Amino acid sequence: MMSSGKSVNSPSAFDWSASRLGDPGTWPHALRLTADVLFNTPLPMLLVWGSEMTVLFNESYTVLAGPAYGKLPGGSVPPVMPPPLAAAGDALQRAWQGEPAVAAACKLQFAGAGADAYDLYLTPVRELDGRVAGVLCALAAAQPSLADHQESSGPLNILVVEDNLDSQYLVCEMLRAFGHEADGVGHPDDALTRMAANRYDVLFTDVSLPGMSGVDLARRAVADVPSIQVIFASGYGDTLLRHVEFPYVSLQKPYELDQLQQALDGAARQLAARA
């Protein structure tokens, strides 16, 4: 099948004669390239270009913002700053100065729709000489903050058992960032020693460990402290967990941050119910 080499969503697919940008064939290379990215990205995006603040936007942003934006994707100076650019504030100024920036959890109000929270990702667009000629703004649903995580699950005392030291360090740092206490060990024998000396709320363990499986380790932990909550992490699916006789949560590596937080929230709820 032959192709014209011209994307349906390229700048050439629109009539720009009535806009202040004119024929796309005359656009600077940076503008043309960024517009191609803009029109072929499913995330809502805007591009503010030049000192006069000419604004372009893609179809996803049009759907979000409502029919007032019309079918032509911008190319004019808006009478009122679009909500994402108005909400970006200092982040937009930093992007104009050449620094990629994020404006987190911005409440945006669009005509005919309620206010929703978005994270705004602002990227400076440079001409060939290095001058910042525009700023690309992408919208994504706001991610929960660390404060939200801390508030939702409360502080837990967690023992992390992971023989990969890099993974162990990363997991412990994430748990501490959530506001929890976390100790890390690499061997089941060290885990048993720690659990004999300290009372933990949660055992977070890899399934495959040297000397003893994570399942057998958890079985001993639950026998000693029936209230302890068990979270398994495994890169091999749940095959080794089929005959586990105590409650647990299993996370398949690589797991998402929200999956980890949901597991911790569940552990906190179970502990609260036992209290």
| Karplus-derived HN-Hα couplings along the range 14-20 (A = 6.51, B = -1.76, C = 1.60, θ = phi - 60°), whole Hz, x at Gly and Pro | 10, 8, 9, 4, 8, 8, 6
| task | May I have the convex hull volume per residue, in Å³, for the Cα set of the range 192-232? | result | 59
| query | Among 79, 100, 11, which one shows the biggest mean-square fluctuation in a GNM of the chain, springs joining Cα atoms closer than 10 Å? | reply | 79
| remark: Amide H proximity to residue 184 below 5 Å, modelled H, separation 5+ or other chain, gives 160
| the chain - accessible surface per residue (Å², probe 1.4 Å) | 54
| task | Sort 173, 127 by accessible area with a 1.4 Å probe, largest first. | result | 173, 127
| said: Expected output is a single nm value to one decimal: the length gained when fully extending between residue 40 and residue 52, i.e. 0.36 nm times separation in residues minus the C-alpha distance. What is it? | reply: 1.8 nm
| Taking a probe of 1.4 angstrom, what is the accessible area of residue 163 in Å², to the nearest 10? | 80
| note | When the chain is treated as a Gaussian network with springs between alpha carbons less than 10 Å apart, the largest mean-square fluctuation among 220, 176, 94 is found at 220
| What is the magnitude of the charge dipole of the range 198-255 about its Cα centre, with +1 placed on the Cβ of each Lys and Arg, -1 on the Cβ of each Asp and Glu, and no other charges, expressed in debye to the nearest 20? | 40
| task | Note down the magnitude of the dipole of the chain about its Cα centre, charges +1 on Lys and Arg C-beta and -1 on Asp and Glu C-beta and zero elsewhere, to the nearest 20 debye. | result | 620
| field | Top of 105, 218, 13 by mean-square fluctuation, Gaussian network on the chain, Cα under 10 Å | value | 13
| request: Assuming a ≥ b ≥ c are the square roots of the Cα gyration tensor eigenvalues, decide whether the range 177-275 counts as rounded (a/c under 1.5), prolate (otherwise, with a/b larger than b/c) or oblate. | output: rounded
| Chain lengthening between residue 19 and residue 99 when straightened (0.36 nm per residue, less Cα-Cα) | 25.9 nm
| message | Rounded to the nearest percent, how much of the accessible area of the chain (1.4 Å probe, protein heavy atoms only) is carbon and sulfur? | response | 54
| request: Could you tell me what fraction of 2.2 N^0.38 Å the Cα radius of gyration of the chain comes to, as a two-decimal ratio? | output: 1.39
| query | Length gain on complete extension for the stretch residue 212 to residue 59, per 0.36 nm per residue less the alpha carbon to alpha carbon distance? | reply | 49.6 nm
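The values are calculated or read from the model by the stated rules, or taken from the named source; none is laboratory data. Remember, predicted model here, so these are calculated numbers, not experimental data. Quick reminder, even Gly has a Cβ in these numbers, built from the backbone with ideal geometry, and neighbours come from all protein chains shown. What goes into the accessible areas is simple: the full protein's heavy atoms, side chains included, and nothing from ligands, DNA or RNA. Shrake-Rupley method; radii C 1.70, N 1.55, O 1.52, S 1.80 Å.
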